[in-house]
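What follows is a short report on a single structure.
The values are calculated or read from the model by the stated rules, or taken from the named source; none is laboratory data. What you are looking at is a predicted structure, and each value in this text was computed from that prediction instead of being measured. Just so you know, the surface numbers come from the protein's heavy atoms only, side chains and all, with ligands and any DNA or RNA stripped out. Shrake-Rupley method; radii C 1.70, N 1.55, O 1.52, S 1.80 Å.
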Amino acid sequence: MRQELPHIIPAPKPGVAEDFSAYQTTHEFYYEVQQRLEFQRHCEWYNAIAESHRQELKKMRGELNIFRWFLRRF
């Protein structure tokens, strides 16, 4: 069977490996750029949400705590 394989699968043309290597490198580069942009967007979103939560917490701490009245033990 191994003797028949060279007839079934043609040998690659010279230069194809270099072209594929360039394509693969380009693809990996753009994939890395995309991943970094998504991570940057996630970090920006997370920071915005964290700041919003900090402001809400500050506001809540300034409000009157009515639950303390219900939890008081006599």
Notebook entry, point to check: What's the extension gain from GLN35 to ALA48 if we count 0.36 nm per residue and subtract their Cα-Cα distance?
Noted result: 2.7 nm
Notebook entry, point to check: Taking θ as phi - 60°, what are the ³J(HN,Hα) couplings along the range 43-54 by the Karplus curve (6.51, -1.76, 1.60), each to the nearest whole Hz, with x for Gly and Pro?
Noted result: 5, 5, 5, 4, 5, 5, 5, 4, 5, 4, 5, 4
Checklist line | Accessible carbon and sulfur surface of the range 27-74 relative to its total accessible area, %, 1.4 Å | finding: 59
